[in-house]
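Student: Pasting in a structure now, in structure tokens, and then I'll have a few things to ask.
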Amino acid sequence: MKWQGRERSSNIEDRRSRGSTPGGSLGGGSGGGFPPIGGRRIPTGRAAGGGMGIVAVIVIFGVLWMLGLNPIDVLTNGGAGTSSPSTSQWALPASNADEDQLAAFIGVVVKDTEDLWGEVFRQNDMTYVPPKVVLFTGQTQSGCGVADASSGPFYCPNDQKVYIDLSFYEQLRRQFGAPGDFAQAYVIAHEIGHHVQNLTGVLPEFNRQRSSMSQDQQNAYSVRVELQADCYAGVWANFAKQQNYLEQGDVEEAINAANAIGDDTLTRGQVTERNYTHGSSEQRMRWLKRGMTTGDVGQCDTFAGAI
């Protein structure tokens, strides 16, 4: 992905352990123009046929499944990673220079998402309020509990922030077999997609109705929420392509990452489909590709029918 020298988001909180100040900006660089968007309606929490949104805190890659825990059960208790093993079991070392470069890269990707969703919301007569993206190492406090490396990147609707331990990206490459900067960008765009869902009512609608849902219903709608966030990440990838930011192999990196983090792949087929919370590898790749191909948020309504 072409990112060096481009504008970075000012909505970055750098809480890394090397003395950086929370709330600090990663500003600088120069940005490009914004291409026209299709202007389709953003799918909201009121789904066709009586559907609803789900998941108060979204932990991306099914890390909790790999620990033998049901993410819905853990997240219902209001924590992010509070029952997980020590950070040292998961965190992989990175040099200061590597971390700084990754932090700068994240700032560029977040700025791109702000440009995209700001325009989409304007076309829907809405105002996009971007989330803060918190970079940390080790542990940090979130509005949803203590976040650490074992939590994986996640979005907390309580404080409207995305949390990313930078060591996760090394885990993404080594453990999940999903290398490449565009795989990393997909992770960010997916979490920003959850913020869009929070603003458009998908997540609040679940919080209102969750108590009346069975565990199977919660899992099923969790899958729909995750697949919509994948589709939104694909819409962002389409935007990046229009801006001529992509390099050879970028699309394949994102699709490979989506394949690597499907529930069936992560659990090696040991979990039945009714217990999926993020979707199968096939579903995740398909919805990511839909967003990539169409660039149309109106095509991301995972609540309207079969997925």
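Student: May I ask you to list the residues in the range 129-149 that are over 17 Å from the mean Cα position of the chain (by Cα) and closer than 17 Å to Tyr232 by Cα?
Tutor: Within the range 129-149, none qualify.
Student: Regarding the range 215-225, can at least one residue be identified that is touching a residue at least 60 places away in the same chain (Cβ under 8 Å), within 23 Å of Gln123 (Cα to Cα), in contact with a helix residue (DSSP H, G or I) (Cβ under 9 Å, 6 or more places away or on another chain) and surrounded by 15 or more Cβ atoms within 10 Å (Cβ to Cβ)? Show your work before the answer.
Tutor: Step one: of the range 215-225, the residues touching a residue at least 60 places away in the same chain (Cβ under 8 Å) are 215, 218-219, 221-225.
If we keep only those that are within 23 Å of Gln123 (Cα to Cα) too, we end up with 225.
Now drop any that are not in contact with a helix residue (DSSP H, G or I) (Cβ under 9 Å, 6 or more places away or on another chain), which leaves 225.
Now restrict to residues that are surrounded by 15 or more Cβ atoms within 10 Å (Cβ to Cβ): 225.
Checked against the condition, which is being touching a residue at least 60 places away in the same chain (Cβ under 8 Å), within 23 Å of Gln123 (Cα to Cα), in contact with a helix residue (DSSP H, G or I) (Cβ under 9 Å, 6 or more places away or on another chain) and surrounded by 15 or more Cβ atoms within 10 Å (Cβ to Cβ), the range 215-225 yields at least one hit.
Student: Does the range 187-198 contain at least one residue that is touching a helix residue (DSSP H, G or I) at 6+ places or on another chain (Cβ under 8 Å), acidic (Asp, Glu) and at pLDDT below 95? Talk me through it step by step, then tell me what you get.
Tutor: From the range 187-198, those touching a helix residue (DSSP H, G or I) at 6+ places or on another chain (Cβ under 8 Å) are 187-194, 196-198; that's our starting set.
If we keep only those that are acidic (Asp, Glu) as well, we get 191.
If we keep only those that are at pLDDT below 95 as well, we get none.
For the range 187-198, residues touching a helix residue (DSSP H, G or I) at 6+ places or on another chain (Cβ under 8 Å), acidic (Asp, Glu) and at pLDDT below 95: absent.
Student: Here's a follow-up. Just to verify a result, which residue in the range 123-164, among those that are among the β-branched types (Val, Ile, Thr), in a strand (DSSP E or B) and at pLDDT 95 or above, is surrounded by the most Cβ atoms within 10 Å (Cβ to Cβ)? Steps first, please.
Tutor: Going through the range 123-164, the residues among the β-branched types (Val, Ile, Thr) turn out to be 127, 129, 133-134, 137, 140, 146, 162, 164.
Imposing the further condition that a residue be in a strand (DSSP E or B) reduces the set to 133-134, 140, 146, 162, 164.
Restricting the remaining residues to those that are at pLDDT 95 or above gives 133-134, 162.
Working: Val133: 27, Val134: 24, Val162: 29.
Here the residue is Val162.
Student: Here is a further query. Inside the range 185-214, can you point out the residues that are buried (at least 19 other Cβ atoms within 10 Å of the Cβ) and farther than 24 Å from Gly143 by Cβ? Working first, answer last.
Tutor: Step one: of the range 185-214, the residues buried (at least 19 other Cβ atoms within 10 Å of the Cβ) are 185-200, 202-203, 205-206.
Answer for the range 185-214, where residues must be buried (at least 19 other Cβ atoms within 10 Å of the Cβ) and farther than 24 Å from Gly143 by Cβ: Ala185, Tyr186.
Student: Output the number of residues of the range 211-225 satisfying the condition of being in a helix (DSSP H, G or I) and either touching a Phe, Trp or Tyr at 6+ places or on another chain (Cβ under 9 Å) or at pLDDT 95 or above (or both). Reasoning before the result, please.
Tutor: Of the range 211-225, the ones in a helix (DSSP H, G or I) are 211-212, 215-225.
Filter again for either touching a Phe, Trp or Tyr at 6+ places or on another chain (Cβ under 9 Å) or at pLDDT 95 or above (or both), leaving 218-225.
Counting residues in the range 211-225 that are in a helix (DSSP H, G or I) and either touching a Phe, Trp or Tyr at 6+ places or on another chain (Cβ under 9 Å) or at pLDDT 95 or above (or both) gives 8.
Student: Could I ask something else about it? For the range 165-188, give me the residue count where each residue is closer than 19 Å to Glu247 by Cα and outside any loop (DSSP other than H, G, I, E, B). Explain how you work it out, then say what you get.
Tutor: Here is the first cut: in the range 165-188, the ones closer than 19 Å to Glu247 by Cα are 173, 178-188.
Still in the list and also outside any loop (DSSP other than H, G, I, E, B): 173, 181-188.
Adding up the residues that qualify gives 9.
Student: Same structure, new question: Can you tell me which residues in the range 253-302 are without any contact (Cβ under 8 Å) to a residue 12 or more places away in the chain and either within 19 Å of the chain's Cα centre (by Cα) or assigned to a loop (DSSP other than H, G, I, E, B) (or both)?
Tutor: Looking only at the range 253-302, we keep the residues that are without any contact (Cβ under 8 Å) to a residue 12 or more places away in the chain, and these are 268-270, 272-273, 286.
Within the range 253-302, Arg268, Gly269, Gln270, Thr272, Arg286 meet the criteria.
Student: Output the residues belonging to the range 255-293 that are aliphatic (A, V, I, L, M) and modelled with pLDDT of 95 or more. Can you show your working first?
Tutor: If we filter the range 255-293 for residues that are aliphatic (A, V, I, L, M), which is where we start, we get 255, 257-258, 260-261, 266, 271, 285, 288, 292.
Answer for the range 255-293, where residues must be aliphatic (A, V, I, L, M) and modelled with pLDDT of 95 or more: Met285, Leu288, Met292.
Student: For the range 226-236, indicate whether the set of residues that are surrounded by fewer than 20 Cβ atoms within 10 Å (Cβ to Cβ), of a type in the set (D, E, K, R), out of contact with any strand residue (DSSP E or B) (no Cβ under 7 Å at 6 or more places or on another chain) and at negative phi is non-empty.
Tutor: Initial filter on the range 226-236 (surrounded by fewer than 20 Cβ atoms within 10 Å (Cβ to Cβ)): none.
No: zero hits.
The values are calculated or read from the model by the stated rules, or taken from the named source; none is laboratory data. Because the structure is predicted, anything quoted here is derived from the model rather than measured. FYI the Cβ positions are ideal-geometry reconstructions off the backbone, even for glycines, and counts take in every protein chain you see.
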